[in-house]
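As structure tokens, the structure follows; a few thoughts come after it.
Where a number appears in this text, it was derived from the coordinates with a stated rule and is not lab data. Owing to the predicted nature of the structure, the values given are computational and were not obtained by experimental measurement.
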Amino acid sequence: MELKTVSRIFSAEIEEKKSRFIAHLVPLATFDETLDALRSEHKKANHHVTAFRRMLDNGQIQEIGKDDGEPSGTSGMPVLKTMIGAGLMDVGIIVTRYFGGVKLGTGGLARAYSGAANAVIEVAKLEPWVQLAQRKISVSFDQTATIERQIEQAGLIVISRDYTEIGVDMMVEGAKEALDALG
């Protein structure tokens, strides 16, 4: 399965037996600040269930789902399993729940949370996931223009430049495959 990601936040809402479930699909880079903002914005919400998936530098996948006070296994894990099924990577989903007065039971909670996750995935503009990496490249002054052109053509980004007595040390970021092809 080809992995997918998002580059901006997407939202969707469902209602289940008078409870509101507001789901946000978030790029992992803004996950923590988005969660803090949602907790401030929705102070009267009963729960902010979270799940995320990320690719670690060693190629391992880190997956975490948190129930935020819901019965164990009824919310964070169903959201995470929905993300796995959709092939999402380096993203998180935050589902804010407003209790509607009717208990859903453990099965109902699991269906509602996974339903909210599915709803936000359906409205999201999913993009192909590309593993990003960084590499330091050192070149002499006379090679700088050539390497800068190659970096731009490969769709890579120069994060920093440190000038030395003999040339330039550049920290370059982008798709791992493009970095490897750079040499």
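Helix 144-153 and the longest principal axis of the Cα set of the chain meet at an angle near 30°. The lysine pair tally for region 4-128, using Cα distances under 13 Å and a gap of 8 or more places or different chains, is 4.
Convex hull volume per residue, computed on the Cα atoms of the chain, equals 129 Å³.
The mean sequence distance of close C-alpha pairs (under 8 Å, at least 6 residues apart), as a share of the length of the chain, puts its relative contact order at 25 percent.
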